[in-house]
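Some notes on the structure that comes next.
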Amino acid sequence: MIRRAVLTFALLTAALAGPAFAAEPPPPVTAQDHVLGRADAPVTVIEYASFTCSHCADFHNEVLPAFKAKYIDTGKVRLVHRNLPTAPANVAAAAAAVAICAAPGRYFDVAEVFMRDQANLRTTGAKPWFDAGVAASGKTREQIETCLSDPATGAALQAQIEGAQQAGVAGTPSFFVNGKPVAEHTLEALSAAVDPLLRR
(Lines give C-alpha, C1' and ligand atoms only; values in the text may rest on other atoms or scores of the structure.)
Protein backbone atom coordinates (compact mmCIF):
# COMPACT_ATOMS: atom_id res chain seq x y z
CA MET A 1 0.00 0.00 0.00
CA ILE A 2 2.85 2.41 0.69
CA ARG A 3 4.15 1.80 -2.83
CA ARG A 4 0.67 2.41 -4.21
CA ALA A 5 0.49 5.62 -2.18
CA VAL A 6 3.79 6.79 -3.67
CA LEU A 7 2.30 6.35 -7.16
CA THR A 8 -1.01 7.94 -6.18
CA PHE A 9 0.60 11.01 -4.67
CA ALA A 10 2.63 11.47 -7.86
CA LEU A 11 -0.61 12.72 -9.42
CA LEU A 12 -1.23 15.06 -6.52
CA THR A 13 2.20 16.65 -6.72
CA ALA A 14 1.88 17.28 -10.46
CA ALA A 15 0.35 20.58 -9.36
CA LEU A 16 3.78 21.70 -8.19
CA ALA A 17 4.78 22.28 -11.81
CA GLY A 18 1.90 24.73 -12.28
CA PRO A 19 2.10 28.52 -12.64
CA ALA A 20 3.34 30.61 -9.75
CA PHE A 21 0.77 32.41 -7.64
CA ALA A 22 0.95 36.00 -6.49
CA ALA A 23 2.52 36.05 -3.04
CA GLU A 24 0.10 36.41 -0.14
CA PRO A 25 0.49 35.72 3.56
CA PRO A 26 0.36 32.01 4.36
CA PRO A 27 -3.10 30.69 5.26
CA PRO A 28 -4.07 31.18 8.90
CA VAL A 29 -3.45 28.38 11.36
CA THR A 30 -6.42 26.03 11.77
CA ALA A 31 -7.25 22.85 13.65
CA GLN A 32 -6.02 20.92 10.60
CA ASP A 33 -2.46 22.17 11.11
CA HIS A 34 0.24 20.29 12.98
CA VAL A 35 1.56 22.51 15.75
CA LEU A 36 4.50 22.12 18.09
CA GLY A 37 4.18 24.37 21.14
CA ARG A 38 1.49 26.25 23.03
CA ALA A 39 -1.58 27.36 21.10
CA ASP A 40 -1.42 30.78 22.79
CA ALA A 41 2.28 31.41 22.10
CA PRO A 42 2.82 35.06 21.12
CA VAL A 43 4.81 34.20 17.99
CA THR A 44 3.83 31.76 15.26
CA VAL A 45 6.49 30.30 12.98
CA ILE A 46 5.16 28.51 9.91
CA GLU A 47 7.56 26.13 8.19
CA TYR A 48 7.03 24.74 4.69
CA ALA A 49 9.21 21.69 4.31
CA SER A 50 9.66 18.43 2.45
CA PHE A 51 10.68 15.09 3.91
CA THR A 52 13.04 14.54 0.95
CA CYS A 53 14.70 17.98 1.16
CA SER A 54 18.24 17.81 2.55
CA HIS A 55 18.15 21.42 3.78
CA CYS A 56 14.94 20.62 5.65
CA ALA A 57 16.63 17.65 7.28
CA ASP A 58 19.55 19.89 8.24
CA PHE A 59 17.15 22.30 9.94
CA HIS A 60 15.27 19.57 11.80
CA ASN A 61 18.40 17.73 12.86
CA GLU A 62 20.79 20.61 13.55
CA VAL A 63 18.76 23.78 14.25
CA LEU A 64 15.36 22.73 15.57
CA PRO A 65 16.60 21.19 18.85
CA ALA A 66 18.15 24.51 19.94
CA PHE A 67 15.24 26.54 18.56
CA LYS A 68 12.78 24.29 20.40
CA ALA A 69 14.64 24.61 23.69
CA LYS A 70 14.93 28.40 23.40
CA TYR A 71 11.49 29.31 22.12
CA ILE A 72 8.99 26.44 21.85
CA ASP A 73 9.58 24.72 25.19
CA THR A 74 9.45 28.11 26.93
CA GLY A 75 6.04 28.97 25.48
CA LYS A 76 7.28 31.85 23.32
CA VAL A 77 6.78 30.27 19.88
CA ARG A 78 4.51 27.73 18.27
CA LEU A 79 5.91 25.98 15.19
CA VAL A 80 3.46 25.03 12.45
CA HIS A 81 4.78 22.39 10.05
CA ARG A 82 3.29 22.27 6.56
CA ASN A 83 4.30 20.11 3.62
CA LEU A 84 5.52 21.17 0.21
CA PRO A 85 6.87 17.98 -1.40
CA THR A 86 10.11 18.23 -3.38
CA ALA A 87 11.92 15.76 -5.62
CA PRO A 88 11.20 12.93 -5.64
CA ALA A 89 7.88 14.63 -4.91
CA ASN A 90 5.82 11.46 -4.96
CA VAL A 91 7.99 9.95 -2.21
CA ALA A 92 7.89 13.18 -0.19
CA ALA A 93 4.11 13.41 -0.59
CA ALA A 94 3.60 9.82 0.51
CA ALA A 95 5.79 10.48 3.57
CA ALA A 96 3.78 13.61 4.34
CA ALA A 97 0.61 11.55 4.12
CA VAL A 98 2.00 8.99 6.58
CA ALA A 99 2.72 11.84 9.02
CA ILE A 100 -0.76 13.30 8.49
CA CYS A 101 -2.24 9.85 9.20
CA ALA A 102 -0.35 9.45 12.48
CA ALA A 103 -2.18 9.15 15.79
CA PRO A 104 -3.02 12.42 17.57
CA GLY A 105 0.13 14.01 18.91
CA ARG A 106 2.43 11.76 16.89
CA TYR A 107 2.88 13.87 13.72
CA PHE A 108 6.20 15.32 14.89
CA ASP A 109 7.43 11.88 15.98
CA VAL A 110 7.00 10.72 12.39
CA ALA A 111 8.56 13.92 11.05
CA GLU A 112 11.58 13.46 13.32
CA VAL A 113 12.15 9.92 12.04
CA PHE A 114 11.80 10.87 8.39
CA MET A 115 14.20 13.81 8.76
CA ARG A 116 16.67 11.87 10.91
CA ASP A 117 16.82 8.93 8.51
CA GLN A 118 16.49 10.86 5.25
CA ALA A 119 20.04 10.03 4.14
CA ASN A 120 19.13 6.34 4.28
CA LEU A 121 16.88 6.80 1.26
CA ARG A 122 20.00 6.81 -0.92
CA THR A 123 21.47 3.68 0.64
CA THR A 124 18.73 1.37 1.89
CA GLY A 125 15.86 2.62 -0.27
CA ALA A 126 12.38 3.82 0.63
CA LYS A 127 10.89 0.74 2.31
CA PRO A 128 12.91 0.81 5.57
CA TRP A 129 12.44 4.59 5.69
CA PHE A 130 8.67 4.30 5.40
CA ASP A 131 8.63 1.37 7.83
CA ALA A 132 10.36 3.52 10.46
CA GLY A 133 7.88 6.34 9.89
CA VAL A 134 4.92 3.99 10.25
CA ALA A 135 6.44 2.55 13.43
CA ALA A 136 6.61 6.06 14.92
CA SER A 137 3.03 6.88 13.94
CA GLY A 138 1.26 5.28 16.88
CA LYS A 139 -0.93 3.33 14.46
CA THR A 140 -0.76 -0.09 12.87
CA ARG A 141 0.31 -0.49 9.26
CA GLU A 142 -3.26 -1.44 8.40
CA GLN A 143 -4.60 1.76 9.98
CA ILE A 144 -2.05 3.86 8.10
CA GLU A 145 -2.86 2.13 4.82
CA THR A 146 -6.58 2.77 5.32
CA CYS A 147 -5.85 6.44 6.00
CA LEU A 148 -3.60 6.73 2.94
CA SER A 149 -6.44 5.56 0.73
CA ASP A 150 -8.88 8.09 2.23
CA PRO A 151 -9.47 11.02 -0.17
CA ALA A 152 -9.46 13.36 2.82
CA THR A 153 -5.75 12.67 3.34
CA GLY A 154 -4.91 13.73 -0.20
CA ALA A 155 -7.15 16.78 0.16
CA ALA A 156 -5.36 17.82 3.36
CA LEU A 157 -1.99 17.60 1.66
CA GLN A 158 -3.27 19.41 -1.42
CA ALA A 159 -4.47 22.27 0.78
CA GLN A 160 -0.96 22.62 2.22
CA ILE A 161 0.57 22.66 -1.26
CA GLU A 162 -1.87 25.28 -2.50
CA GLY A 163 -1.29 27.40 0.60
CA ALA A 164 2.45 27.32 -0.06
CA GLN A 165 1.94 28.36 -3.67
CA GLN A 166 -0.35 31.22 -2.68
CA ALA A 167 2.27 32.43 -0.21
CA GLY A 168 4.88 32.45 -2.97
CA VAL A 169 7.00 29.70 -1.46
CA ALA A 170 9.70 28.89 -4.00
CA GLY A 171 11.76 26.34 -2.08
CA THR A 172 12.09 24.41 1.13
CA PRO A 173 12.50 24.97 3.93
CA SER A 174 10.68 28.30 3.95
CA PHE A 175 9.70 30.12 7.12
CA PHE A 176 7.19 32.81 8.03
CA VAL A 177 7.36 34.52 11.41
CA ASN A 178 3.97 36.02 12.28
CA GLY A 179 3.20 35.98 8.57
CA LYS A 180 6.42 37.57 7.34
CA PRO A 181 9.01 35.56 5.37
CA VAL A 182 12.46 34.87 6.81
CA ALA A 183 15.21 34.41 4.23
CA GLU A 184 17.38 31.88 6.08
CA HIS A 185 16.74 28.87 8.26
CA THR A 186 19.57 29.38 10.73
CA LEU A 187 18.99 29.83 14.44
CA GLU A 188 20.43 33.33 14.16
CA ALA A 189 18.08 34.39 11.36
CA LEU A 190 15.00 33.00 13.08
CA SER A 191 16.03 34.55 16.40
CA ALA A 192 16.48 37.93 14.71
CA ALA A 193 12.90 37.70 13.45
CA VAL A 194 11.39 36.33 16.66
CA ASP A 195 13.12 38.35 19.39
CA PRO A 196 11.76 41.82 18.45
CA LEU A 197 8.23 40.41 18.53
CA LEU A 198 8.76 39.12 22.05
CA ARG A 199 9.88 42.55 23.27
CA ARG A 200 6.67 44.27 22.22
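The values are calculated or read from the model by the stated rules, or taken from the named source; none is laboratory data. From a predicted model like this one, the values you see are computed outputs, not experimental measurements. Glycine gets a Cβ as well: all are built from the backbone with ideal geometry, and neighbour counts include every protein chain shown.
Quick look at the numbers
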read-out	value
Flag for Ser137 being of a type in the set (Gly, Ala, Ser), in contact (Cβ under 8 Å) with a residue 40 or more places away in the chain and surrounded by 13 or more Cβ atoms within 10 Å (Cβ to Cβ)	no
Some residue of the range 114-130 being touching a helix residue (DSSP H, G or I) at 6+ places or on another chain (Cβ under 7 Å), among the aromatic types (Phe, Trp, Tyr), within 23 Å of Phe175 (Cβ to Cβ) and touching a residue at least 60 places away in the same chain (Cβ under 8 Å)	yes
Segments classed as helices (runs of 4 or more DSSP H), wholly inside the range 1-92, with at least 1 members that are closer than 24 Å to Arg116 by Cβ, of a type outside the set (Ser, Thr, Tyr) and at pLDDT below 95	2-12
Condition met for Thr146 (hydroxyl-bearing (Ser, Thr, Tyr), in a helix (DSSP H, G or I) and either surrounded by 15 or more Cβ atoms within 10 Å (Cβ to Cβ) or out of contact with any helix residue (DSSP H, G or I) (no Cβ under 9 Å at 6 or more places or on another chain) (or both))	yes
Meets criteria (touching a residue at least 24 places away in the same chain (Cβ under 8 Å), part of a helix (DSSP H, G or I) and of a type outside the set (D, E, K, R)) for Ala97	yes
